[in-house]
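Heads up, the thing below is written out as structure tokens.
None of the figures in this text is laboratory data; all of them are computed from the coordinates on show. Here the structure is a predicted model, which is why all the values come from computation and not from measurement. A quick note on method: Cβ atoms are made from the backbone with ideal geometry, for glycine too, and the neighbour counts reach across all protein chains shown.
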Amino acid sequence: MSAPSTTRFCLRLLRRQLVLAVRRPAEMGNPLLFFAMVVALFPLGLGPAPEALAGFAPGVLWIVALLASLLTSDNVFRGDFDDGSLEQLLLAPQPLYLGVLAYIGAHWLVSGLLLSLVSPLFALMLNLPAAAIPALVCSLLLGSAVLSLVGCIGASLTVGLRRGGMLISLLVLPLYVPVLIFGSAAVQAAVDGLPVAPYLAILGAMVSLGIALAPLAVAAGLRISIDA
Amino acid sequence: MSAPSTTRFCLRLLRRQLVLAVRRPAEMGNPLLFFAMVVALFPLGLGPAPEALAGFAPGVLWIVALLASLLTSDNVFRGDFDDGSLEQLLLAPQPLYLGVLAYIGAHWLVSGLLLSLVSPLFALMLNLPAAAIPALVCSLLLGSAVLSLVGCIGASLTVGLRRGGMLISLLVLPLYVPVLIFGSAAVQAAVDGLPVAPYLAILGAMVSLGIALAPLAVAAGLRISIDA
Amino acid sequence: MPSGAGAPLLAASDLCLVRGGRELFRDLSFDIHRGQLWQVEGANGAGKTSLMRILAGLSRYGFDGRVQRRAPLLYLGHHSAVKGLLTPRENLAWHVSGAGDWSDADIDDALARVGLCGYEDVASHTLSAGQHRRVNLARLYLCRAPLWLLDEPFTAIDRGGVGELEAVMTAHVAGGGAVVVTSHQALQVDCEVRSLRLGAGGAQ
Amino acid sequence: MPSGAGAPLLAASDLCLVRGGRELFRDLSFDIHRGQLWQVEGANGAGKTSLMRILAGLSRYGFDGRVQRRAPLLYLGHHSAVKGLLTPRENLAWHVSGAGDWSDADIDDALARVGLCGYEDVASHTLSAGQHRRVNLARLYLCRAPLWLLDEPFTAIDRGGVGELEAVMTAHVAGGGAVVVTSHQALQVDCEVRSLRLGAGGAQ
Amino acid sequence: MWSFLHKLGSPPWLYAISGSILRWLLPLTLLALAAGVVWGLLFTPPDFRQGNSYRIIYIHVPAAVVALAGYYVMATAGAISLIWRMKMADVAMKAAAPVGAALTFAALFTGAVWGKPTWGTYWVWDARITSMLLLLFLYLGVVVLYEAYENKEAAGKACAVLSLVGTVNIPIIYKSVDWWYSLHQPASIKFTGDSTIDPSMLYPLLLMICAFYALFTCCLLLNMRAELLQREARTGWVRKLARGGE
Amino acid sequence: MYFDSVEAMLAMEGHGVFVWSAYVVTAVVIALILLLPLRRQRRLLRELAADERRARAVAANARGSS
Ligand code: HEM
Ligand SMILES: Nc1ncnc2c1ncn2[C@@H]1O[C@H](COP(=O)(O)OP(=O)(O)OP(=O)(O)O)[C@@H](O)[C@H]1O
Ligand SMILES: Nc1ncnc2c1ncn2[C@@H]1O[C@H](COP(=O)(O)OP(=O)(O)OP(=O)(O)O)[C@@H](O)[C@H]1O
Ligand SMILES: [Mg+2]
Ligand SMILES: [Mg+2]
């Protein structure tokens, strides 16, 4: 029985997830539009004074990115659970660890990566100093990967629950806090002209740790959810 | 054929929605928890200086309430659409306008009303002056009703879409802007010691307009969505 | 009541439907009178569900022709319209609440007749696939609408259940109602079954 | 290959399941060998689906007894595992990608055999209920796993389709595979059908 | 009058008449645009305060004005489609949305680029600018909602509902944004004086505004024609057209 | 003409980048909103014509074979 190599299987899974995202442009554009609109709400709610805006820009940008990631991660496994695809994934001979990594990777590509790439635009709209923009993009790139990894753990644990509601936000938001702190601190440091590298290094360490451990937790979570 | 009176039918529908919400405590607690946690994120992201916090508390509280309402309104019709209950509602002899009003009412009761009632707690956490709290509660009570009405229009238009994603946020957030402006202005006015009544009057006018018109739009939206 | 007497409960004229570039049916005209049992037949994808939704008034765009409904109707579709978090009793009570006043005893009685005695108070999502559908089918025992549109009511139902459903349908027709049913199985009823065959376009 | 030769593909011993306070089955022991066709029977709610999920390894808690699986298996459940936004071809390609390398021609061929010729490139959510399930059933033509666990595979399938499915199952058994199938209909196959009857607890 | 309305509801007639309108309107529009651009860029003196950067006015103001007017066209068409169930109104509404969104984007972009030399920043949260941003979101909502529906007839109805809801809301949104702006501390930057514009600068501006209105009409008709073809693909007149077109 | 040379026209006393980028982007937007519907219309007509020819070929075949 010539089972295809595990890597090939995972790449196919990744491609399938990306195709699904592209077929649903609203889904893909949504984190971006959500980001844009919620960022626009802040001046409306807090007042338009440019200096005040610049002061809270790092925090606001990071919080909104975090919310965008949170809201999309709830759906990562939901559709596949409802239509039975998840059962098939669990029954496949390939190691679940890698399959899960493909799901997480796809989620990061269509939410975190895109969001980081367009974030300079919104940074300009909030009067963030141009010097802080590279720090913003880098910290978002790394940080959103951690958000995806952690978010998928929450998603895997709540996907089988009929009474779950948005329970995921309760599970996951506390775990997001360190990312938020280091991410917005990195941007703030860049605004103040301090070195950014230490913060980015911490975020990078979180990413590596997450890649090593999170898929294990997600795989366990999915096995439990399928059984519930 | 003694069809029960329309009012009785709607009250039963309302009760059913409330029972469903109570059976799913996470769903019901969710707007509150979401509210609590996102409010808690702001000091983390923006820095904990008390005066600064108090300065943007009105805006932040209102923005987070608005997001909590937005996120729950996406689900108002989704479950009923997926399992076929919505078809049955459309085929019922009772006028759809009132049935829709029951859905909207239930949504407001479990999101807006609860949120307004617990908001003083979070206001205190953000150092909002105590004098502004009645204005906060009143403006949230009225404003969240408008948010529910408008949010359900968005939900009804997107419930049938396979490629909807979170399209609802794009449709609905621009329409939320007036509520945000008047709501946060009311709280700000109370903080500054100015009269709050004019703002509340405007919000009240919006509620009346919404109750008169929004169910019509929702009913039309549902009929279209069932067909798509 | 003799079959075919009086004005039809539902009159369809010149129905014509094209979906995904395939013509599913054209120039379909028929009248459904009291006392009639119609079975819509056809292969998978022949357009049975689409036709039922047009007859029920749920599809309003995208087809040609006219449908006149002259009586209240009951439509049961592919989806069971049963909420997992409510109990069977609550689900049924809600479903029939639009059409009449039923006591709790009536409701329990209907549930018992579809074999759910003892399951009245569990959450519906713990029911098996067939039991889930039975909750919805219990409406047939409480429904006063003369016209029933049933889209594959036998899905997931065991043999005993199918027999009982057929008996209910026969009784409804004998009592002056009309039934339109889609099914891939032959009906075992002791009344005339009019067949509406949808041809082209289905899976071969 | 003679039925019953060699080690069983799947051995279940002393299975015992209680759900919702009802004992569904107790001390259920059986071995499934190559060349055997098992039909699990029982009324709605008898525990057929629960048993199949235990055999497949999807349920791992909440029951007593042991299941030993000695061969790759294919499980098709109540849910069709077909993604509405992908085309039938993409769905099938993804489903079989874990088990082997199939060319596009193989995939189109399998789709044609379940009657979906001409539907390869439409979005799956526009398919009818039966066509939707057929996409999933097309896996049977490409699957090399010796043990098939099929939970109500005939749901929503028309008469012609049921006949073809029965032929595939017969061929698989004749070729040395084994099939466990739940269905409320009697199987029309020309090989021995072993029946596993689940009794108590179901809808009456 | 009634026969005109009746004709307006007839796709083949609309297709034919829009074709003959476009045949002269489209070249005229392009000509006017080219003339206006050359005039504005090369043959007017610079502004005494802003220097040459003010030349952006010749595209910024027309784009903004027409984008705003476009929403009213769209909303009116949506209302007609829902109230009188006119299919052509659906088509017109659907056709207006992407054009409006594009012009709104152009206005935002040129405004932002203009802001850098004059205000020193690309973006401020001024009432007018903010409401323009909201307008972009409203347009995008209609475009995306339409694309998300598969059944285009249902899509038209859904967008009509949305734009009708918008009509009720637009005045509220604008009023509230204006009000919000005057409520908080005023921004340090103001639009430059509007009425004191020199005639030598005014005439090319007027020409460009007219050209943009014509452009909007052209795009509307072009979009409507494509939409008509797609919706009526199975009818006799489109088949005949396709056969003749080859 | 206000400017003396092409360079002066491009530079616009330091504001050239802003002015020209605004004009170029607007030109691209206008081109897009004009060309996209035209292209869509042409593609639709082409597809319909192909359909028509295919239908005619099938009909001719059927007549020829029977
Ligand atoms: C992103 C930024 C900008 C946006 C969204 C924007 C938006 C608008 C809108 C909507 C109008 C038309 C108003 C109406 O017809 O009532 C307008 C007109 C105008 N804009 Fe802008 N604008 C922006 C930046 C600028 C800048 C930076 C300048 C120059 C310093 C400018 C100068 C003008 C002038 C002179 C008019 C015409 C005069 C008037 O009608 O009041 N705009 N703008
Ligand atoms: N999560 C659960 N909690 C409690 N009881 C459950 C749960 N899931 C199923 N049951 C019970 O287990 C029994 C068997 O369910 P199962 O789905 O196995 O039946 P089945 O034989 O497949 O029936 P069907 O023919 O209707 O598909 C049912 O009576 C059901 O009420
Ligand atoms: N939204 C849609 N867009 C395009 N085509 C569709 C859509 N919905 C259904 N169809 C097509 O219409 C045809 C008929 O579907 P329908 O569901 O009516 O079939 P059916 O007779 O009920 O089949 P089944 O026995 O499988 O339930 C199918 O070929 C399907 O591909
Ligand atoms: Mg069907
Ligand atoms: Mg079962």
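Mind checking Rg over Rh on the range E:12-244, alpha carbons, Kirkwood formula for Rh?
1.03
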Square roots of five times the Cα gyration tensor eigenvalues for chain B, Å: 33, 18, 16
Given a Förster distance of 35 angstrom, what is the FRET efficiency for C:E23 paired with D:A174, based on the Cβ-Cβ distance and rounded to 0.05? 0.30
For the Cα atoms of chain C, what angle does the longest principal axis make with the long axis of helix C:159-174, in degrees from 0 to 90, nearest 10? 70
Neighbour-count ranking for E:V168, C:V168 (other C-beta within 10 angstrom, fewest to most) reads E:V168, C:V168
Taking the 0 to 90 degree range and rounding to the nearest ten, how far is the long axis of helix A:50-73 tilted relative to the main principal axis of chain A, both from C-alpha atoms? 10
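Would you mind finding the longest exposed-site-free stretch of chain E, with exposed trypsin sites (Lys or Arg not before Pro) meaning DSSP loop and at most 16 other Cβ atoms within 10 Å?
Within chain E, the longest run free of exposed trypsin sites (Lys or Arg not before Pro) spans E:86-189.
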Can you compute the modelled spin-label distance between E:W179 and D:D31, with each label point 7 Å from Cα toward Cβ, in nm? 8.3
Which whole number gives the average count of other chain Cβ atoms within 10 Å of the Cβ atoms across peptide D:78-87? 6
List the relative contact order of the range D:1-144 as a percent without decimals, with contacts defined as Cα pairs under 8 Å and 6+ residues apart. 21
Take every residue in peptide A:167-177, count the Cβ atoms of other chains within 10 Å of its Cβ, and give the average of those counts. 4
FRET efficiency, 1/(1 + (r/R0)^6) with R0 51 Å, evaluated for F:R42 and E:Y122 via beta carbons: 0.85
Per the axis that maps chain C onto chain D, nearest residue of C (Cβ criterion) and its distance in Å: C:T155, 3
Counting every Cα pair in the range D:16-106, what percent are over 15 Å apart? 70
Starting at the first residue of the range D:49-54, write each ³J(HN,Hα) from the Karplus equation 6.51 cos²θ - 1.76 cosθ + 1.60 with θ = phi - 60°, in whole Hz, x for Gly and Pro. 4, 4, 5, 4, 5, 5
Hey, what's the Kirkwood Rh for chain C if you take every pair of different alpha carbons, in angstrom? 17.7
Neighbouring partner chain Cβ atoms per residue of B:186-192, average, 10 Å criterion: 1
For a Förster distance of 30 Å, can you work out the FRET efficiency between the beta-carbons of E:T235 and E:I83, rounded to the nearest 0.05? 0.75
Residues E:C219, C:C117 in order from fewest to most other beta-carbon atoms within 10 Å are C:C117, E:C219
Give the nm distances, rounded to one decimal, from B:P93 to the matching residue in every other copy, measuring between label points 7 Å along Cα toward the beta carbon; shortest first. 6.2
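So how do C:H79, D:H95 line up by other beta-carbon neighbours within 10 Å, fewest first?
With the sparsest Cβ surroundings first, the list reads C:H79, D:H95.
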Taking chain A and counting helices only, DSSP H stretches of n ≥ 4 at -39,500 (n - 2.57) each over all residues, the nearest-500 ellipticity at 222 nm comes to -27000 deg cm²/dmol
Distance-filtered residues of the range B:44-87 - backbone nitrogen under 20 Å, label point 7 angstrom along A:D192 Cα→Cβ: B:44-54
Per residue, the convex hull volume that the Cα atoms of the protein assembly as shown enclose (Å³): 204
Taking the Cα centre of the range D:84-144 as origin, sum charge times position over the Cβ atoms of Lys and Arg (+1) and Asp and Glu (-1), and report the length of that vector in debye to the nearest 20. 360
Could you give me the radius of gyration and the Dmax of the range B:57-187, taking only the C-alpha atoms into account and expressing both in angstrom? 16.0, 52
For the pair B:A49/B:T7, report the inter-label distance in nm, with labels modelled 7 Å from Cα in the Cβ direction. 5.7
Using the Kyte-Doolittle scale, which helices in chain E average at least 0.0 and also have C-alpha atoms spread 30 Å or more along the helix axis, with helices defined as whole DSSP H runs? E:11-42, E:57-83, E:87-119, E:127-148, E:152-183, E:199-231
Helix A:96-107 sits off the longest principal axis of the Cα atoms of chain A, rounded to the nearest 10 on a 0 to 90 degree scale, by 40
PRE zone check, label point 7 Å out along Cα-to-Cβ of D:A11, amide N under 18 Å, scope the range D:29-61, hits D:29-36, D:55-57
Could the peptides B:183-191, E:36-44, B:150-158, C:99-107 be put in order, highest first, of the mean number of other beta-carbon atoms found within 10 Å of their residues? B:150-158, B:183-191, E:36-44, C:99-107
Per the helix-only calculation at 222 nm, which mean residue ellipticity applies to chain D, given -39500 (n - 2.57) for every DSSP H run of n ≥ 4 and division by its residues, nearest 500 deg cm²/dmol? -8000 deg cm²/dmol
In a Gaussian network model of chain A with springs linking alpha carbons closer than 10 Å, the residue among A:I63, A:I181, A:I168 that fluctuates most is A:I181
Grab chain E and count how many Lys pairs have their alpha-carbon atoms under 28 Å apart, sequence gap of 8 or more, or different chains. 17
